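Just so it is clear, none of the values below were taken in a lab; they were calculated from the coordinates. Nothing here was measured: the structure is a model prediction, and the numbers come from that model. Every residue, glycine among them, receives a Cβ derived from its backbone with ideal geometry; neighbour counts consider all protein chains shown.
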């Protein structure tokens, strides 16, 4: 997945926005003000930090060398994924799971605004 496709996929989710609160190089993708993905899209190798269920995070790290504890994040809840190190289908699933976890933590009224259960 290219940086452009990664950006487009992250922005394809309902109410997703890209912000640059840390510096001009780090894209922070949010839904209603809550982060679900971070990436320095110009970095090589391309990596993305994604929220993950703690048990699934441990399993994924054990199964995929390209998935490690989240860099500069709460390592229990975040993974850093090297984009070229996992199949694109898995990467898309991990991004969607991250978005869904963040949405699940939003107040019910905000979830309803997003038309998500």
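In the chain, helical runs assigned H by DSSP with n ≥ 4 each contribute -39500 (n - 2.57); averaged across all residues and rounded to the nearest 500, the mean residue ellipticity at 222 nm is -10500 deg cm²/dmol.
Using the average count of surrounding beta-carbon atoms within 10 Å as a protection proxy, the listed peptides 53-60, 73-80, 19-26, 93-100 rank, highest first, as 93-100, 73-80, 53-60, 19-26.
Based on the alpha-carbon gyration tensor of the chain and its eigenvalue square roots a ≥ b ≥ c, which shape applies: rounded if a/c is under 1.5, prolate if not and a/b is larger than b/c, or oblate? Since a/c reaches 1.5 but b/c is at least a/b, the shape of the chain is classed as oblate.
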